[in-house]
Amino acid sequence: MLYSRMPEFPAFIVSSWDDAARNGAQGKAARGFLTGRLADGRSFAAVLRSESPAVFVDAPEGERSAAMLASRGIGVTVRSPWKDFAGRAVERIELAAESPAAAGRILREADIACRAMERSHVNELLASRGIQGPVTLRGEPREGRRVDLIFFDPELEPPDAAFAVRLRWLALDIETDRDGRVVAVSLAGEAFPGEVLFLGPELGSPHIRSFGSEADLLSALAARIVELDPDILTGWNVIDFDLRVLAGRYAECQLAFDIGRSESPAAFREVPGRRSVFEVPGRAALDSLRLVRASGQRFEDLSLESVARSLLGEGKSVSAHGEAKLAELERLRLTDPAAFCDYCLRDSQLVLRILDVTGLGELTAKRAALTGVALDLAWTSIPAFERVYGSELRRRRILPPARTERSVSGAAGGTVLDPATGLFSDVLVFDFRSLYPSIMRTFNIDPFAYELAAARPPLSSDIVAPNGARFDREPGILPELITRYTREREAALAADDPTAAYVYKILMNSFYGVLGSAGCRYARTELAGAITSFGKKYLTRAKTWFEARGQRVLYGDTDSVFVLPGDGDGGGYANLFAAGESAARLLNAELKREIKAEFGLESRLHIRCEKIYGRFLIPRLKSDQSGEGRGRAKGYAGLVLTGTGREPRLEVKGMEAARTDFTPLARRFQLDILGLAFSGATLGELEDFCRTTVRDLRDGRLDERLTYRRSLRRPARDYATETPAVRAARLLGWEARRGRISYVMTQSGAEPVEARSGSPLDYDHYSVHQLMPIGCSVVQALAESLGSECDASSWFADRPQMEFEFG
């Protein structure tokens, strides 16, 4: 039968795994399994014959190796020429039976080096066919038992065109009593309004099912998940709490945690270098908290309550914390169980709404599809890079390097130019677009190109980075990948697909960090250093270019320079932007000429005038008591001008208003005083504002803004120094617990919000340590711009004669 005549089923692969029997007797056929969702909404499973195993030997030993294996009863089906990672010739010997380990032993006995083994895995099969999530299945399916359709050995191909597969998410949340029993579980999905399984009396609600025992509740939960057949299980902290607790309770009740698409139970598995992985056969388990953290969005904290309030404008039905929350939930369960169940269900519903409003569900699927990794690895950097790069090596018949322990110093930070201090007007910000990916494309920075150059004597044609790393000129894999992703990102933007465009952007930007990470088999200190050294070279070149034109560079960081154009370039946004565009064109042309002349390469670097600050402030370093006026690197604020007629927008980077470890009082105060300074307020007006704020603070009118929120990464008992956050945690009894603590400073010291002693708030602390440093830094910058000095510390003191240390 011709495959072209067989039915075609566009689909998305959610899960893939191998038959445990693949490590069994020689000659036993290995099987792989796929599950996922078809484009028409039905779920599927597929049973596959995995790729044949293989061994690799040096090319001169290929014929002797094949003969040796055949003489020992191991069939050889294919010999094919490959290269190793240093460019030397090797042969891949494909084996007829499932015996790469046995083949390796035979070769070693004959003093033949087995360079690598390739065991039979379904993921190798997918990689060899270029399948990375979306797939076209060809075959005659049968009706499945835990899925709608099942295919046996279907033809698999990458899809010819893009198609949409809507994966089915199911959010789960549990509630436990003080004895650790599961007393409620909520389930919420797109296809139904949600329901709660409750340990307690019948409540007469259509969305609450009541059970007389925990074992009955758990049995019903497993059956319900199988019935709903989700592709992805999710929830808030669902892996580290809900699913871990459930796994323990199923074991305690002597029940199988049977919630997958096969009858194998779900279970936790320890993976070296990673957190525990929760495996649900045929499904994926994704923690929505981790997805939000990986997205890079910033929140007051990562509790479900805070994130929901920020994104949705509403939160949980019980917002208390700590012991107060436990007491309120226990009261609800006993006195108003319907409200208790609604609380549980709301948590699941909030998670789904957060995924919807952020688009993180779609982003996760697209990132997994782009890289070919499993959904639970979609937001990782190293596994995604290794899958993408390894697939490209395989396509070129290049053997990946063995994973070895090596010292990698890590990805160095970007170059920072010394910042000026003060308050400035009409500042142009020039930005190298995707600087590090552009450097990789321009200078052929690539792991394979580096290894090729390192494996032979230096050549005059080598591309030599400023840090001394050498690269072969043969077009590298990584520059080709970045070029492809750049084109596809531009196509996504043209097609008004911001989700795909964002995925391409963050993937390309992750490549630099991966090359400096010891956990990546392709990482080298020299690779990351080559990128940053080129970055320093051209950021510094941009600075000297602007200065040669008589313009002052106020600051520079990694890929951006902040330029004071000087007299004659002002006159409003349009004139400033035109001057910036003109300067960018000239600088790009100059860099193009210089790179061609020095390296014989086409420049992919592109600088642009990214934004214009009508007013721009760089404060002094807090520790600068020398009067030298050293500026604070990575900490500045500006009033962004736009050409749309909108009001200028205040932007703060790296200062207190952008940091969640400062109190709401400090963050709001900084935004307000910056707004006054940028609007032209005098020193007298700033003094009035500061004194009024301090007076309101001491009168108790700002008490709701005084809470600190800090994260303890270790249990409180493990800290040798009792910081305020550690003290507050210990007062709450967090000796063996870590997490985010909320506390206030009182005249008795730090106290947790949930357990105040009644001691008065320490207003002196907030005035001196939160308000005064911020106010003085802004006033100091304004005074410098006016050519004067002003000590604002007295504005924050009860008695002018008091002395304070401040930056």
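Judged by the gyration tensor of its Cα atoms, with axes a ≥ b ≥ c, the stretch 172-282 is prolate; a/c meets the 1.5 cut and a/b is the larger of a/b and b/c. Name the residue from Ala308, Tyr573, Ala266 whose Cα lies farthest towards the positive end of the charge dipole of the chain, charges +1 on Cβ of Lys and Arg and -1 on Cβ of Asp and Glu. With unit charges placed on the Cβ atoms, the residue in question is Ala266.
Once the piece of chain linking Glu94 and Glu190 is laid out straight, how much longer is it, given 0.36 nm per residue of separation minus the C-alpha distance between them?
Working: separation 96, 0.36 × 96 = 34.56 nm, distance 4.64 nm.
Taking 0.36 nm per residue and subtracting the Cα distance, the gain is 29.9 nm.
In this Cβ point-charge picture (+1 for Lys and Arg, -1 for Asp and Glu), the stretch 136-258 has a dipole of about 180 debye about its Cα centre.
Modelled spin labels at Glu405 and Phe152, positioned 7 Å past Cα toward Cβ, are 4.8 nm from each other. Farthest towards the positive end of the charge dipole of the stretch 746-792, among the residues Cys776, Pro760, Cys790, is the Cα of Pro760, using unit charges on the Cβ of Lys, Arg, Asp and Glu.
Neighbours of Pro648, meaning other residues whose beta-carbon lies under 13 angstrom from its beta-carbon, give a summed charge of +1 when Lys and Arg score +1 and Asp and Glu score -1. If you take all other residues with their beta carbon under 13 Å from the beta carbon of Arg484, and give Lys and Arg +1 and Asp and Glu -1, the sum is 0.
Please compute the contact order of the chain in relative form: average sequence separation of alpha-carbon pairs under 8 Å and at least six residues apart, divided by the residue count, as a percent. Kindly include the intermediate steps, with their values, before the conclusion.
Numbers: 1514 pairs, mean separation 71.7, N = 807.
Relative contact order here is 9 percent.
Remark: the chain carries 45 Å² of accessible area per residue (probe radius 1.4 Å; ligands, DNA and RNA excluded). Matching the structure-derived Cα Rg over 2.2 N^0.38 Å against the labelled list (1) 0.96; (2) 1.26; (3) 1.11 gives the label (3). The magnitude of the dipole of the chain, with charges of +1 and -1 set on the Cβ of Lys/Arg and Asp/Glu and taken from the Cα centre, is near 1940 debye. Which of rounded, prolate or oblate describes the stretch 181-232 when judged by the alpha-carbon gyration tensor and an a/c cut-off of 1.5? Oblate shape, in that a/c is at least 1.5 and b/c is the bigger or equal ratio.
On the beta carbon distance between Arg244 and Val357, with R0 = 25 Å, the FRET formula returns roughly 0.35. Classification of the stretch 379-468 by its C-alpha gyration tensor yields a prolate form. The axis ratio a/c (a ≥ b ≥ c) is 1.5 or more, and a/b outweighs b/c. Take 425-431, 145-151, 333-339 and order them by the average number of nearby Cβ atoms within 10 Å per residue, most first; the result is 425-431, 145-151, 333-339. Of the trypsin sites (Lys or Arg not before Pro) found in the stretch 472-552, those that fall in a DSSP loop while having at most 14 other beta-carbon atoms within 10 Å are Arg549. Spin-label pair Lys592-Glu490: with each label point 7 Å from Cα along the Cα-Cβ axis, the two points sit 1.3 nm from one another.
Ignoring ligands, DNA and RNA, what percent of the accessible area of the chain is carbon or sulfur (1.4 Å)? Spell out each step's value before the answer.
Values: 17400 of 36290 Å².
C and S fraction of accessible area: 48 percent.
Entry note, the stretch 549-695: relative contact order of 12 percent, from Cα contacts under 8 Å with a spacing of 6+ residues. Here's the picture: charge each Lys and Arg Cβ at +1 and each Asp and Glu Cβ at -1 in the stretch 633-711, and of Leu641, Ser679, Met655 the one pushed furthest to the positive end of that dipole is Met655. Here the relative contact order of the stretch 112-205, from alpha carbon pairs under 8 Å that lie six or more residues apart, stands at 16 percent. Cβ under 10 Å from Leu156's Cβ, Leu156 left aside: what net charge do those residues give with Lys, Arg +1 and Asp, Glu -1? With Lys, Arg at +1 and Asp, Glu at -1, the neighbours total -1.
With both labels modelled 7 Å from their Cα along Cα-to-Cβ, the Ala797 to Glu140 distance reads 9.3 nm.
The values are calculated or read from the model by the stated rules, or taken from the named source; none is laboratory data. Quick caveat, the model's predicted, so the values are computed rather than measured. FYI the Cβ positions are ideal-geometry reconstructions off the backbone, even for glycines, and counts take in every protein chain you see. These accessible areas exclude ligands, DNA and RNA; they are computed on the full protein's heavy atoms, side chains included. Shrake-Rupley method; radii C 1.70, N 1.55, O 1.52, S 1.80 Å.
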